[in-house]
Amino acid sequence: MSVRPFQVLGIQQIAIGGPDKARLRRLWVDLFGLEVTGTFVSERENVDEDICATGSGPFKVEVDLMQPLDPEKKPAVHATPLNHVGLWVDDLPRAVDWLSAQGVRFAPGGIRRGAAGFDICFIHPKGNDEFPVGGEGVLIELVQAPPEVIQAFRALAAAHR
């Protein structure tokens with residue numbers, strides 16, 4: 001195996017799905033106090049989501065509260081309550097190239113702009129014959145970290161060496 005040419009910096013987001021995002025908002029926004037920072041609706045992704053946040057600056061973690069536009073269509077963002085985990089990476093294109101060469105299966109769609117404005121792609125929950133490595137049942141979103149997040153995580157790591 002070659003040297004990994006990228007670094008996973010930390011958790012960027014978690015996404016939670018349900019049939020009614022108002023019920024999710026009651027817990028995460030009304031009771032836990034997360035701030036709604038935006039919304040995202042996509043017919044292609046079959047999702048209506050509230051983008052929420054906890055923390056601040058480069059250590060802010062996004063919590064996406066999602067419901068399907070059509071419960072009968074795919075992707076079924078509500079079928080698994082913990083829909084996916086997003087990881088900050090410092091070099092998304094290199095990560096995708098290297099991981100693909102290691103047999104990691106990516107979901108269709110490639111690298112694209114995500115709901116929060118960052119470039120993203122998804123590791124498929126299941127491997128297949130061509131790409132045997134998947135998320136073992138978990139959809140994993142790789143998110144290109146902006147420069148200030150990369151710098152903050154590197155500074156934190158250097159301070160704890």
Has the range 120-129 got at least one residue that is open to solvent by 40 Å² or more (accessible area, probe 1.4 Å) and either touching a helix residue (DSSP H, G or I) at 6+ places or on another chain (Cβ under 6 Å) or hydrophobic (A, V, I, L, M, F, W, C) (or both)? no
Output the qualifying pairs, or none if there are none: Cβ atoms under 9 angstrom, residues six or more apart or on different chains, first residue in the range 115-141 and closer than 18 Å to Leu65 by Cβ, second residue acidic (Asp, Glu) and open to solvent by 30 Å² or more (accessible area, probe 1.4 Å). Ala115/Glu45
Of the conditions (1) assigned to a loop (DSSP other than H, G, I, E, B); (2) modelled with pLDDT under 95; (3) more than 14 Å from the chain's Cα centre (by Cα), Val77 satisfies every one except a single condition; which number is it? (3)
Within the range 40-58, residues open to solvent by 50 Å² or more (accessible area, probe 1.4 Å), in a strand (DSSP E or B) and farther than 20 Å from Gln144 by Cα come out as Val41
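Would you pick out the residues in the range 1-18 that are open to solvent by 40 Å² or more (accessible area, probe 1.4 Å) and not small (Gly, Ala, Ser)?
Within the range 1-18, Met1, Val3, Arg4, Gln7, Val8, Ile11, Ile14 meet the criteria.
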Quick one: Val61 ticks every box in (1) out of contact with any Ser or Thr (no Cβ under 7 Å at 6 or more places or on another chain); (2) of a type in the set (Val, Ile, Thr); (3) open to solvent by 20 Å² or more (accessible area, probe 1.4 Å) bar one, so which box is it? (1)
Failed condition for Lys21, given (1) open to solvent by 30 Å² or more (accessible area, probe 1.4 Å); (2) in contact with a strand residue (DSSP E or B) (Cβ under 6 Å, 6 or more places away or on another chain): (1)
Is it true that some residue in the range 108-115 is at pLDDT below 95 and within 16 Å of Gln7 (Cα to Cα)? no
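The values are calculated or read from the model by the stated rules, or taken from the named source; none is laboratory data. Model, not experiment: these values are computed from the prediction. Positions of Cβ are generated from backbone atoms using ideal geometry, with glycine treated the same way; all protein chains shown enter the neighbour counts. Areas reflect the complete protein model, heavy atoms only, side chains present, ligands, DNA and RNA absent. Shrake-Rupley method; radii C 1.70, N 1.55, O 1.52, S 1.80 Å.
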